[in-house]
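As structure tokens, the structure follows; a few thoughts come after it.
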Amino acid sequence: MWDIHRVMTRQDSCKNILFLLLSATFLLILAACSAGGQDSVPEPGVTTLIYAKVSNDGVDWEAVKKFNRTHEDVQIEVRNYSLLSENGKHGIDLLMAEIAAGQVPDIIELGSSESISQIPVAYMRKTAYHDQTCQLPYRQMAENGYLEDLWPYIENDPDIGREGVVEAPLRAAEVNGGLYTVFDSVWLHTLFGAESVVGKRTSWTLKELQEAFSTMSEEAVVLDNIMNTPSMKYHMLSSYIYGFFDLFVDWESGQCRFDSQQFRNVLEFSNSMPGPGEEGWRQEYPLGRADDPDMFTDRILRGQVMLSDQGYYKIYHQRDYNFKFRGHAMPVGYPIEDGSVGSYFEPLGIKLAMSSTCRDKESAWEYIRQILLPKEEKDIAFAYNGVPAVAKGYRENMLLAKRERRYGAYFNGDFFPVDVLSPKECQEWEEYFNSITRCSLFSDRNILALVEEEAGAYFAGDRTLDDTVERIQRRAELYVHENM
């Protein structure tokens, strides 16, 4: 955790004065870039709520304009912290410096909806992805008292209440029983396989995965590069750290577990993924005829791919996976040694928080609550980026999974329709959904970056597993202890 009470030494004073001057200049630049040229000087008798924008496209500008039009005594001013400064630092660095100095915004974006687990951090830092995927330290901000618990607001809202939200993903986002952010939908990260191969379960160990794979044909691969990632090895490694961060870092005690058998298994499993030029590698999703034997679906239908990591964006995707795996597809998840469910939630779209020092909490909630109100779009299948965390949207998406639609795919010249989900399958899916307890909000980008950096030599064959584990453990412990 970053320390907001750090005492500055005399030797640091000159540097700090320079930093404050640079920060003030940068703040003026950011203010000039804020929403729609809004006047940053409030009128007498008007309360201004500062909205901290940290992603490129997270702000619902229409909602901001509507709020400001309909409120004479309260106005929202958007300040842009998504920019890169001249020295390459992200605007988030300035935001965190202001928060540490007691200048806490009223409404805060937690980060972008783009999944950092799909792209290695080292790659993102060299591309525009870095500006898209920064995430604030959610747990640390909540534990240090900067954020407001939103459960009471949800429960007391006459149009929402507990019955108006889907609790599983929100409970997964809790910090010590409090909910400090809201979002409208989630992506379920998991691994799928045919029930006939992986078994009827939503958790397994690496040994059980290997045993299941041993039953498949010699030409089969564990996982295909359907996600078109720059590196399957890094993709698998970052997916673990991103979603199962609690297995490796305990911020409360300062303990790191990168020397555990679980993490050794993660490294070995990630390294087993094909890299560029290796057997089983495909840089891009192969396009071609519907009956092309190299098509991803056909390779699954032929029993040449054991797992898919596409996850759930929609409930009705279970229908597609059932079709592709020629029977029932099980979200068996990533191999986890402690017996917990091997899947996790990633909140999608905008994720908003309210500061505990907010100047007008009721007005701030009036704006934030819009995220949890049902969407009125006619095509509910595309109204949400993922599986809705809004109860009405969730129920409507479940109905889509039960509704018959004439679509499918050709295989060996024959058309195979995708079947609807039966009541039993819907019940099983909901039980699985409600069993997920982990959320990607708790990952730390700096630890993810150092893990990827050290793992690179192991993936390249230049360092042993033991040396890699030792280096990662030592560096992670140093980082955690310095930031507690």
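The values are calculated or read from the model by the stated rules, or taken from the named source; none is laboratory data. Please read all numbers here as calculations on a predicted model, not as lab measurements. Don't worry about glycine lacking a Cβ; one is built from the backbone with ideal geometry, like all the others, and counts go over all protein chains shown. Just so you know, the surface numbers come from the protein's heavy atoms only, side chains and all, with ligands and any DNA or RNA stripped out. Shrake-Rupley method; radii C 1.70, N 1.55, O 1.52, S 1.80 Å.
Can you tell me the convex hull volume per residue for the stretch 135-282, based on C-alpha atoms, in Å³ to the nearest whole number?
Working: hull volume 23.0 nm³, N = 148.
Enclosed volume per residue, from the Cα hull, is 155 Å³.
Sort 187-200, 97-110 for me by packing, meaning the mean count of neighbouring Cβ atoms within 10 Å per residue, highest on top.
Values: 187-200: 21.1, 97-110: 19.1.
So the peptides 187-200, 97-110, ranked by packing, come out 187-200, 97-110.
Provide the packing ranking of 57-63, 312-318, 140-146, i.e. peptides ordered by the mean count of other C-beta atoms within 10 Å per residue, highest first.
Numbers: 57-63: 14.1, 312-318: 20.6, 140-146: 18.9.
Output ranking for 57-63, 312-318, 140-146: 312-318, 140-146, 57-63.
From the backbone phi of the stretch 346-363, what are the Karplus-calculated ³J(HN,Hα) couplings (6.51 cos²θ - 1.76 cosθ + 1.60, θ = phi - 60°) in whole Hz, Gly and Pro given as x?
So the J values, rounded to whole Hz, are 10, x, 10, x, 6, 10, 10, 10, 10, 6, 5, 9, 3, 6, 8, 5, 5, 5.
Give me the Å³ per residue figure for the convex hull around the C-alpha atoms of the stretch 311-357. Mind showing how you got there, number by number?
Values: hull volume 5.5 nm³, N = 47.
For the stretch 311-357, the hull spanned by Cα atoms encloses 116 Å³ per residue.
Check cross-link reach from residue 65 to the lysines: straight Cα distance under 28 Å, and skip same-chain residues fewer than eight apart.
Result set, ordered by chain and number: 53, 351, 361, 375, 378, 392.
At a probe size of 1.4 Å, how large is the accessible area of residue 272, to the nearest 10 Å²?
It works out to around 70 Å².
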